[in-house]
1. At least 1 residues that are in the same structural domain as E189 (by TED's automatic domain parsing) and under 22 Å from R197 (Cα atoms) in each: list the helices (runs of 4 or more DSSP H) lying fully within the stretch 124-170 that qualify.
2. I want to confirm something. Restricting to the stretch 149-191 and keeping residues that are free of Cβ contacts under 8 Å to residues at least 40 places away in the same chain and farther than 21 Å from Y105 by Cα, which single residue is surrounded by the fewest Cβ atoms within 10 Å (Cβ to Cβ)?
3. Is there any pair with a first residue in the stretch 201-212 that is touching a residue at least 12 places away in the same chain (Cβ under 8 Å) and in the same structural domain as D145 (by TED's automatic domain parsing) and a second that is of a type in the set (S, T, N, Q) and outside any strand (DSSP E or B) whose Cβ atoms are under 7 Å apart and which are 6 or more apart or on different chains, and what are they?
4. Cβ contacts < 7 Å: first residue within 16 Å of L369 (Cβ to Cβ) and part of a helix (DSSP H, G or I), restricted to the stretch 21-36; second residue β-branched (V, I, T) and modelled with pLDDT under 75, any location; separation 6+ or different chain. Result?
5. Condition test on L378, is it farther than 29 Å from L325 by Cα, of a type in the set (A, V, I, L, M) and either surrounded by fewer than 17 Cβ atoms within 10 Å (Cβ to Cβ) or at pLDDT 80 or above (or both)?
6. Within the stretch 106-119, how many residues turn out to be in a strand (DSSP E or B) and in contact with a helix residue (DSSP H, G or I) (Cβ under 7 Å, 6 or more places away or on another chain)?
7. Those residues that are hydrophobic (A, V, I, L, M, F, W, C), under 29 Å from the mean Cα position of the chain (by Cα) and more than 16 Å from A65 (Cα to Cα), I need them from the stretch 234-252; list them, please.
8. Is one or more of the residues making up the stretch 176-185 closer than 25 Å to I99 by Cα and of a type in the set (F, W, Y)?
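The values are calculated or read from the model by the stated rules, or taken from the named source; none is laboratory data. Please read these numbers as outputs of a predicted model, since none were measured by experiment. Reconstructed Cβ throughout: ideal geometry from the backbone, glycine too, with neighbour counts over all protein chains shown.
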Amino acid sequence: MTFILRLRFALRSLRHHKMRSLLTTLGIIIGVVSIIAVMSIGEGAKYKVRKEIEKMGANFIVALAASPKTLTQRGNMYFTLKPTDVQAIQDECKEIRLISPAVQYQGKVITEGANWQTSIGGVNEDYLEIRQLKMDRGEFFSAQDIRSASKTATLGLTVAKELFGDKDPVGHIIRIKKIPFRVIGVVAEQGRSPDGRDMDDCVFVPITTAQRKLLGKTNYNALIMSAAHKDQMPIASRQVRSILRQKHRLLETDEDDFTIFSQDDAFQASEAASSILNLLLIIIASISLIVGGIGIMNIMLVTVSERTKEIGIRMALGATTYSILTQFIMEAVTICLIGGLVGVFFGVTTAEAVGYLLDWPIVISQKSLIISLVSASLTGLFFGYYPARKASLLNPVDALIEN
């Protein structure tokens, strides 16, 4: 019996028991819908996180003035990165294109009619390009502002709205530690960081002004850098680490007294977390396929008992054990494949609906569709084998007598 003929027999058998076939495929449909929806939403989450990480800047690398252990201790501020560290990186690490030393602390910003607790950062004129930030209005401070330690400030959108409402803050005076600063610009909206922080809740001042007039420090608590090329980021990170260890006179057995991370590190961490989460969700979604497969096995066993006379006649007319086996497996796989195709349609529809309702990016990949259909087919093959094997081993004489 040819493949086409077996397929026709399978479809005819399904047509004779429409309601039974529909209920049998329901578990498969639900399983496929779950797998596609979960994978699509998961891929959308990975896409969203990647976009958020890309907002950090161009080939972004940062060195923090604290070891990985002490970095977790909130409330502590370290200023162990020195101007000589910056100079050494600029002289010896050609893979680093731009570098901005930085100091940061939490402080209160005051205007005539309002005040706001926010993050105050001192950076240099390259910070805007490193972070790939745009200006909403006004301008960022210049190299001259850095050299002269000018009392100018650029606001994030959140701070601008909290202090000035709908008014244009450019040209107005704000006070930080009772020192007046003239607002020269507002940075365009950045949104939230991957860890949920409001990146627009900040004030930028020239690094020299922050050091001399706000903190009284000569060192920095961060170095913000941009690699010349994306593929050079791992090399640049290793070179920066080597330079800092040398400048800080650390022995081979000493731990780093700084922490370096890059966009690549953030990408890898998010990919690993997303992969584990997606795997768990897919396993949970696959339970529906298993339940559907058990239902198929049950229905196929009932079908075998109902069709023993048909099986006996076909064997008496020369049908082989292999022919009977493949016929019933074909019916099980056909049920699952039809359920898989219907599940793909509803899975895509469900994923798109969830994305629309939650304003969430949805990425429907070919991989999710292929995995769903292959899983459905394998479910039919696995759970259909036992009933098909039982049918193929029937004695034709016993089958005819039983009926």
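1. 127-130, 157-164
2. Among them, the one singled out is D166.
3. D201/T158; P206/S150; I207/N124; T209/S150; Q211/T218
4. Pairs that qualify, where the first residue is within 16 Å of L369 (Cβ to Cβ) and part of a helix (DSSP H, G or I) and the partner is β-branched (V, I, T) and modelled with pLDDT under 75, are I35/I282.
5. Working: farther than 29 Å from L325 by Cα: no; of a type in the set (A, V, I, L, M): yes; either surrounded by fewer than 17 Cβ atoms within 10 Å (Cβ to Cβ) or at pLDDT 80 or above (or both): yes.
Against the criterion (farther than 29 Å from L325 by Cα, of a type in the set (A, V, I, L, M) and either surrounded by fewer than 17 Cβ atoms within 10 Å (Cβ to Cβ) or at pLDDT 80 or above (or both)), L378 does not qualify.
6. Number satisfying all stated conditions: 3.
7. Correct list: I235, A236.
8. yes
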